[in-house]
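K.L.:
Got a structure for you, written out below as structure tokens; questions coming shortly.
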Amino acid sequence: MKKLSKKQLAANRIDEHIQIFKCPICHKSMSLKDETQLTCSNNHMYDLAKQGYLNMVQQGKKSQYDQSLFQARQRLIKSGFYHKLLNQLEMILKNQSTHYILDAGCGEGSHLSSLLERVNYSMGIGIDLAKEGIQTAAKGDEQGQWIVADIANTPFKDQAFNFILNILSPSNYDEFKRLIKDDGIIIKVVPGANYLKEIREQIFEGTEQIDYSNEQTIKRFEEAFQLKQRENITDYVSLSEEQFHDLIHMTPLTQDAELEAIHFVDQVTIDLEVLVGQKINQTY
Ligand SMILES: C[S@@+](CC[C@H](N)C(=O)[O-])C[C@H]1O[C@@H](n2cnc3c(N)ncnc32)[C@H](O)[C@@H]1O
Ligand SMILES: [Zn+2]
């Protein structure tokens, strides 16, 4: 039998779960037209790209991240850089009925992609505002549905998801509350004080930014959701020179830094907090 193209696979997947989509402009239900376009009754149209991803933002904002950053991030993540985090996320997802999973701010998609290989799900969707990230995700994976979309105005109906992942990315808690089912689970991953300290120390030595605290971020999460679980992930990851270059290229920490001035270190600290929350008054 002829293998389906990425576009046909995506069209079938979207058609099967069309009930969760809504138009991000007029908020009407959507339907799939000719296996190539999502349309609403007001004729707003969103094309399915050859690689199977959808673009559902009106005017693509220029992302601060380019294709080479996402490729560096993908190489590093696929080499197992965050393997402890992924094991922890897998454990949380495995204990639940994992039907609809959203990765909000998925970047180049590696976290969601490897979780979809490990857990049961009906539909796994990664959204990101950066088209370059979504393109890189769609190129490397055909299990998830990848969509260029804004976390502040997502193209999904109320209570569409059992899980929302939000890994090292900005959040929009009003939108997350709208999207999550009453008994659904939000998982937010934030850096801890020692996250990549070997790089942080080189860039911020002698400045106020040398000390980083996630307390405000955690407080905001606790105000929005009932915190059901909080886990620290600490790991010390050995790096080759290539991996080190990928790391300094892909991390937002080095955004305004001169990369040449950062000297090679063969090990870095991973320090992450995993926050697991639910809507207030739900039993986990
Ligand atoms: C540091 S990256 C993390 C990506 C991915 N979760 C990971 O851990 O590899 C932050 C991501 O958030 C995305 N982002 C920022 N603002 C966004 C928004 N309003 N809607 C969707 N994505 C957004 C960026 O494009 C970027 O890919
Ligand atoms: Zn519309």
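The values are calculated or read from the model by the stated rules, or taken from the named source; none is laboratory data. None of the values given here were measured: they were computed from a predicted structure. Reconstructed Cβ throughout: ideal geometry from the backbone, glycine too, with neighbour counts over all protein chains shown. Just so you know, the surface numbers come from the protein's heavy atoms only, side chains and all, with ligands and any DNA or RNA stripped out. Shrake-Rupley method; radii C 1.70, N 1.55, O 1.52, S 1.80 Å.
K.L.:
Taking the range 31-131, how much of its Cα-Cα pair set, in percent, is spaced more than 21 angstrom apart? Present the calculation step by step, with values, prior to reporting the outcome.
P.N.:
Details: 2331 of 5050 pairs.
Everything past 21 Å amounts to 46 percent.
K.L.:
Go through His27, His249 and list them by solvent-accessible area, largest first, probe radius 1.4 Å.
P.N.:
Working: His27 100, His249 70 Å².
Largest accessible area first, the residues go His27, His249.
K.L.:
By DSSP, what percent of the beta bridges with both residues in the range 54-278 are antiparallel, rounded to the nearest 5?
P.N.:
Values: 19 of 39 bridges.
Given both bridge residues lie in the range 54-278, the antiparallel proportion sits at roughly 50 percent.
K.L.:
Also, I was wondering about something else. If Lys181, Lys3, Lys22 are ordered by their accessible area, calculated over protein heavy atoms with a 1.4 Å probe, which sequence runs from highest to lowest? Walk me through the numbers on the way to the answer.
P.N.:
Details: Lys181 60, Lys3 150, Lys22 25 Å².
In descending accessible area the options line up as Lys3, Lys181, Lys22.
K.L.:
If R0 is 45 Å, what FRET efficiency do you get for Ile18 and His263 from their C-beta distance, rounded to 0.05? Display every interim value, and only then the final one.
P.N.:
Numbers: r = 52 Å, r/R0 = 1.16.
So, using R0 = 45 Å, E works out to roughly 0.30.
K.L.:
Would you mind getting the Kirkwood hydrodynamic radius of the range 54-278 from its Cα pairs, rounded to one decimal in Å? All intermediate terms of the calculation are to be shown ahead of the outcome.
P.N.:
Working: mean 1/r = 0.0556 Å⁻¹.
Evaluated over the range 54-278, this radius sits at 18.0 Å.
K.L.:
To continue, here is another question. What residue among Ile270, Ile101, Ile147 has the largest mean-square fluctuation in a Gaussian network model of the chain, using Cα springs under 10 Å?
P.N.:
Ile270
K.L.:
In percent, what relative contact order does the range 54-278 have, based on Cα pairs under 8 Å that are 6 or more apart in sequence?
P.N.:
Working: 405 pairs, mean separation 46.9, N = 225.
Result for the range 54-278 is 21 percent.
K.L.:
State the answer as a single residue: which of Gln96, Gln67, Gly124 lies farthest towards the positive end of the charge dipole of the range 56-129, with beta carbon charges of +1 for Lys and Arg and -1 for Asp and Glu, about the Cα centre.
P.N.:
Most positive-ward Cα: Gln67.
K.L.:
Run the dipole for the chain about the Cα centre, Lys and Arg Cβ at +1, Asp and Glu Cβ at -1, nothing else charged, and hand back the magnitude in debye, nearest 20.
P.N.:
Values: 31 positive and 39 negative charges, 296 e Å.
It comes to approximately 1420 debye.
K.L.:
Nearest 10 degrees, 0 to 90: what angle lies between the long axis of helix 83-94 and the longest principal axis of the chain (Cα atoms)?
P.N.:
So the helix axis and the longest Cα principal axis differ by about 40 degrees.
K.L.:
While we're on this one: Please give me the summed charge of the neighbours of Asp15: other residues whose Cβ is under 14 Å from its Cβ, Lys and Arg +1, Asp and Glu -1.
P.N.:
Details: positive: Lys7, Arg13, Lys33; negative: Glu16, Asp34, Glu35.
Result for the local shell: 0.
K.L.:
Here's a follow-up. What is the distance in Å between the Cα centroid of the range 248-265 and that of the range 172-193?
P.N.:
Distance between centres, Cα-based: 30 Å.
K.L.:
For the range 1-100, which whole-number percentage of the solvent-accessible area (1.4 Å probe, protein heavy atoms only) is attributable to carbon and sulfur atoms?
P.N.:
Working: 2790 of 5770 Å².
Carbon-and-sulfur percentage of accessible area, whole number: 48.
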